[in-house]
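Only one structure is covered here, and it is reproduced in the block below.
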Amino acid sequence: MTKILLVEDNEMNRDMLSRRLMRKGYQVILATDGQDGVDTAVSQLPDLVLMDMSLPVLDGWEATRRLKAEPATRRIPVIALTAHAMSSDRGKALEAGCDDYDTKPVDLPRLLGKIEALLAAAAASPSVSPSAAEAAP
Amino acid sequence: MSADPPGRDPARHPVPAALLHDLRTPLAQIIGYTELLVERAQDVGEETTVPDLKKVSAAGYRMLALLEENFASLPAAAAGGDPAMAPSDLPDPADSAVSPDPDSVDSSAQSDSADSADSADSADSADSADSARAGHVDGDGKGGEDGAPAAGGKGVRLADFIVGNREPILAEWEAFARTCTPASGAMDIVALRDHANAMLSVIAADLRTHQGGHAQAEKSKGNAPGAGHVATAAEEHGADRAESGFTVEQMVSEYRALRASVIRLWAKAQGEVTSDDLDDLTRFNEAIDQSLAESVTRYTQELDDSKEMFLAILGHDMRTPLSAVLTSARFMLDTQELEEPSLTLTSRIASSATRMVHMVGALLDFTRSRLGGGIPIERAAMNMGKAVHDVVDEMSAAHPDRDIDVDARGEMEGEWDCARISQALTNLVGNALEHGSPGTVVTVETSGDRDGDRDEVSIAVHNHGPVIPPEQLGGIFHPMKPRGDRHKAATDGPSGNLGLGLYIAERIVNAHNGRITVESLEAEGTTFTVHLPRHG
């Protein structure tokens, strides 16, 4: 089962999105701040990370930079999620190393399309994290 | 819905951008939970509830569209500047590819050439200076003398040079203004030149007017007399630039360009520098500074007005769809037929909608106080001690993990607006809970005093925790300047984290002819104290 790490500090957002993803057949693991997100990614090696950008302790940009600097996690696709609808946010997220970007409220079909596209690209890549090579749900 | 959001950048609007973020968060929850309920209902075959749920979802999307549409109606400029266009990124007027064509520069203007030009530029006329300052002169972008070569040689006074060389000065300045993209992209040549020509007239007339030491000192501070209540060319320019989407840095750069154009062209035409030249230069710089000060003031005012109108419209427009969401959610809960997980999901929709109701209420109070002359109150006999207890009971129920101590002494009866006072207290107690350290007690002490002329009730709301930095204390009641960490504030807060809670509390106290003070010390914590005259 594809494992998605959702890094989100807002409890309601975390609850809502994780429920929706689980209904679609994903395994969802959770982190509540940027540092927690980095630690969880390193220890659990998810297939994909959904990263809120406005996070306490360590913001999403810095957390992504650290994930992309770490050999064990650098190939894990990261999708930035933010409630800001700023065009500059997209560039900032991609600059930090995010592989894609989406805004809240989440349009689930759109987000699922991005998730699947990144998972497919990661599966096609020669050196991906072990679980990412498994079939999508 | 399947496309990415449009690219207009709210970063250009610091206040509405934060607001947009804060309002989108509960909206995202309403929409997400509703869609979850729809999916679940379809899975288990409860199709009868789906149409109603889709109405809730549609109301959520309608509010989202309102947010985006209202935002799009704002002028594009922002007082805080566009992070994408830092001042250091701006084209340097001195480096812009607008180097003057030496052949186009008329280095021969003489004082007498201007006399036949237009009346606004007539020498030594203080009236014409005022008239020009009022933006009534020469606004057609040409000037009477444009295109007519002025006569003379070196040693031309700056005023005469400006009058005789408007066209190359304006051409160079316009070329620079066009580099201020994207704002200037859609502007035509008339718009780009708009008030610059009038400003040149103002400056030229000003240079020819005798100026004493006091006037010079005032002008150097941007306080030139004579503007009165009629918009000056520079003020109109500031308003236009705000409307056209220029950032304040771009507008300042325009002035730098105007200054650079004039000085460069003039220096090229001059031979040796005389003391008159230095005097002209000083006064020219002062005149530019004065115009810039006027433009910036008006630019800022224009933005403030548009932001407030934006908020007023937004608050008003959001009420109906929000009410639909909340009513539907409450109706579903009231049936008491919901089972898990629908019960939890619906409760969360109701909770997010309630938070939005507080936000929209705060927005409307804010705009009412800014646009409509204050928050209205209706006094009636009430007991302040009871009002404080009711608020604390409510806040304790909402924060079961926190302790709030209440103490009341003295005479509590008086005439105030009970609903508004409760709102102010809710904001203050909410602020104390939000910023007080976890595990510490928030205290609310109420005392009624009748001592000679002093007949008031005071309420002190105290919390332990990080002190408010002294530099923030002065502006603590300023709207939309929430203290500290927005991540924390995003979770709750009586005014929904719009940074309006303290502002609204202060406005309510003010409407009661009262006052509110704040003290924040490392050893003692933070105390907000409200003093309310008993009968206004």
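A few comments on the model shown:
- Average accessible surface area per residue within the range B:380-533, 1.4 Å rolling probe, Å²: 45
- Each residue of the range A:31-77 gets 57 Å³ once the volume of the Cα convex hull is shared out per residue.
- Taking other residues whose beta carbon is less than 14 angstrom from the beta carbon of A:Q44, and scoring Lys, Arg as +1 and Asp, Glu as -1, yields -3.
- Measuring between their Cα centroids, the range B:401-446 and the range A:27-87 lie 39 Å from each other.
- Evaluated at q = 0.18, 0.20 Å⁻¹: base-10 log I(q)/I(0), Debye formula over Cα of the range B:380-533: -1.08, -1.34
- Residues in chain A average 38 Å² of solvent-accessible surface per residue, probe 1.4 Å, ligands and nucleic acids excluded.
- With all protein chains in place and a 1.4 Å probe, the accessible surface of the range B:380-533 carries 49 percent carbon and sulfur.
- The alpha carbon convex hull volume per residue for chain A rounds to 91 Å³.
- Interface residues, the range A:37-59 - accessible area loss of 20 Å² or more versus chain alone, probe 1.4 Å: A:S54, A:P56
- Summed buried accessible area for A+B [probe radius 1.4 Å, Å², rounded to 100]: 2700
- Taking amide H atoms as placed 1.01 Å from N in the peptide plane, the amide H of A:V78 lies under 5 Å from those of A:V49, A:D99, A:D100, each 5 or more residues away in sequence or on another chain.
The values are calculated or read from the model by the stated rules, or taken from the named source; none is laboratory data. For clarity, every value in this text was computed on a predicted model and none was experimentally measured. Every residue, glycine among them, receives a Cβ derived from its backbone with ideal geometry; neighbour counts consider all protein chains shown. Just the protein is used for accessible areas: all its heavy atoms, side chains included, with ligands, DNA and RNA removed. Shrake-Rupley method; radii C 1.70, N 1.55, O 1.52, S 1.80 Å.
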